[in-house]
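Heads up: the structure comes next, in structure tokens.
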């Protein structure tokens, strides 16, 4: 898997329902809460898909975390169905187009 790191000068895509700057901030928070036990967040803009990799001993409830991320980073509630959030333990997303935050 090839993952590009999103740098500090994120440019929001006007066509994307996801606020990438907010997603990057939440990614930092998830990493901190996981205390080095994974806590990686990836984003695939072309598929409107957010992928969160957690460790086995993470402090989150997967279903609630997925809903929380959507509510936090999607600007318009009408776009909720356009964006997919996947929470998995100790793995990374497959395919092209993923950016690691």
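The values are calculated or read from the model by the stated rules, or taken from the named source; none is laboratory data. Predicted model, so just to flag it, every value in this text is computed and none were measured. Ideal geometry is used to build each Cβ from the backbone, glycine not excepted, and the neighbour counts take in all protein chains shown.
Could you look through the range 67-92, keep only residues that are assigned to a helix (DSSP H, G or I) and touching a strand residue (DSSP E or B) at 6+ places or on another chain (Cβ under 7 Å), and pick out the one that is farthest from residue 24 (Cα to Cα)?
Quick first cut of the range 67-92, residues assigned to a helix (DSSP H, G or I) only: 67-73, 77-82.
This time we only want the ones that are touching a strand residue (DSSP E or B) at 6+ places or on another chain (Cβ under 7 Å), so: 69-70, 73, 80.
Values: 69: 11, 70: 13, 73: 9, 80: 18 Å.
So, considering only residues that are assigned to a helix (DSSP H, G or I) and touching a strand residue (DSSP E or B) at 6+ places or on another chain (Cβ under 7 Å), the one farthest from residue 24 (Cα to Cα) is 80.
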TODO: Would you be able to say whether some residue in the range 48-55 is at pLDDT below 95, at negative phi and out of contact with any strand residue (DSSP E or B) (no Cβ under 8 Å at 6 or more places or on another chain)?
DONE: no
Task: Residue in the range 31-47 that is modelled with the lowest pLDDT, counting only those that are buried (at least 16 other Cβ atoms within 10 Å of the Cβ) and assigned to a helix (DSSP H, G or I) - done: 34
TODO: Go through (1) within 14 Å of residue 31 (Cβ to Cβ); (2) without any contact (Cβ under 8 Å) to a residue 60 or more places away in the chain one by one and return the number of the condition residue 101 breaks.
DONE: (2)
Task: Hits in the range 56-66 - residues which are part of a loop (DSSP other than H, G, I, E, B) and surrounded by 15 or more Cβ atoms within 10 Å (Cβ to Cβ) - done: 58, 60
Task: Residues within the range 75-90 that are surrounded by 13 or more Cβ atoms within 10 Å (Cβ to Cβ) and over 12 Å from residue 49 (Cα atoms), tallied - done: 3
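Would you check which residues across the range 1-30 are in a loop (DSSP other than H, G, I, E, B) and either within 21 Å of residue 68 (Cβ to Cβ) or modelled with pLDDT of 90 or more (or both) and list them? Write out each step before concluding.
Kept after step one, since they are in a loop (DSSP other than H, G, I, E, B), are these residues of the range 1-30: 1-3, 6-17, 19.
6, 10, 12, 16, 17, 19, listed by residue number.
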